[in-house]
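Undergrad: Handing you a structure now.
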Amino acid sequence: MTLCDLSSLPSIGKCGFMRYTEGQLVEIPFKNMTDIPELDRDNMDVEVIEPSPAQTERSIARRLALQILYEIDSARHPLGEVLTAQLSEAGTMTSKTQRHVRALVQAVAGQTPSLDAYIQPFAPEFSINQLSIIDRNILRMAVAEMVLLPNMPLGVIIAEAVELANVFGSDGSTRFINGALAMIADNDRDAIRKLFPSEELDVDASET
């Protein structure tokens, strides 16, 4: 399963269209039932958005981890099967990159309820499950990296998360992700560490 930009496509609610805009769900009501458009899927124009290439091994790992978590979250496929399949399809990558992908995916998947409970006060407008799949998994990954990469500056982790939001999220994702993580970064990093077993990635913090 690959990621695509669906931010421009509205979803149909009971009384109108629901758009996720600037971090909020906005309903555009129908005047009457004749206002509901019919989608002609055979003649739809589809724009394929090619993301900018990742610049570092760590960036490659983050993008692949997000893709894996997206599939697990949206399709409920087994973690092990998705991880194995996606790593195989990704082609050649270093053992360090694969290790980072596995650690990040397993950390998020293994502690999702705890991560969501920790993140929720910093994104109070909606429950975590109401956020887009992309946004909530970027937040989960960033918080997990604050533990897995204890020597990595928080500013670097936030910048990488914002870049993921810029590439894969909707129009309001970058501002939302940046704001939530900035508030989380003001907290004690040890409080986040308690969410996970005592495990770290043996990496150089200068390699982002």
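None of the figures in this text is laboratory data; all of them are computed from the coordinates on show. Only a predicted model underlies this, so the values are computations on that prediction, with no experimental measurement involved. Neighbour counts are summed over all protein chains in view; Cβ atoms, including those assigned to glycine, are modelled from backbone coordinates with ideal geometry.
Undergrad: Which residues among region 105-133 fall inside the zone where the amide N is under 11 Å from a point 7 Å beyond the Cα of Leu79, along Cα→Cβ?
TA: What the label zone holds, given the 11 Å backbone N cut-off, is 105-113.
Undergrad: Using the number of other C-beta atoms within 10 angstrom as an exposure proxy, rank Glu160, Glu57 with the fewest first.
TA: Lowest to highest Cβ neighbour count: Glu57, Glu160.
Undergrad: Now a separate question. Given an 8 Å cut-off on Cα distances and at least 6 residues of separation, report the relative contact order of region 57-193 as a percent.
TA: Relative contact order, region 57-193: 24 percent.
Undergrad: OK, next. Compute the separation of the alpha-carbon centres of region 78-133 and region 170-193 and state it in Å as a whole number.
TA: 16
Undergrad: Efficiency by 1/(1 + (r/R0)^6): what FRET value for Phe126 and Asn178, r their Cβ-Cβ distance, R0 = 22 Å, to the nearest 0.05?
TA: Using R0 = 22 Å, I get an efficiency of 0.85.
Undergrad: On to the next question. Can you sort His77, His100 so the residue with the fewest Cβ neighbours within 10 Å comes first?
TA: In increasing order of surrounding Cβ atoms, one gets His77, His100.
Undergrad: Given N residues in region 57-193, what is Rg(Cα) / (2.2 N^0.38 Å)?
TA: 0.98
Undergrad: Ordered by residue, what ³J(HN,Hα) values in Hz, to whole numbers, does region 67-79 give under the Karplus form 6.51 cos²θ - 1.76 cosθ + 1.60, where θ = phi - 60° and Gly and Pro are x?
TA: 4, 5, 5, 4, 5, 4, 6, 8, 9, 6, 6, x, 3
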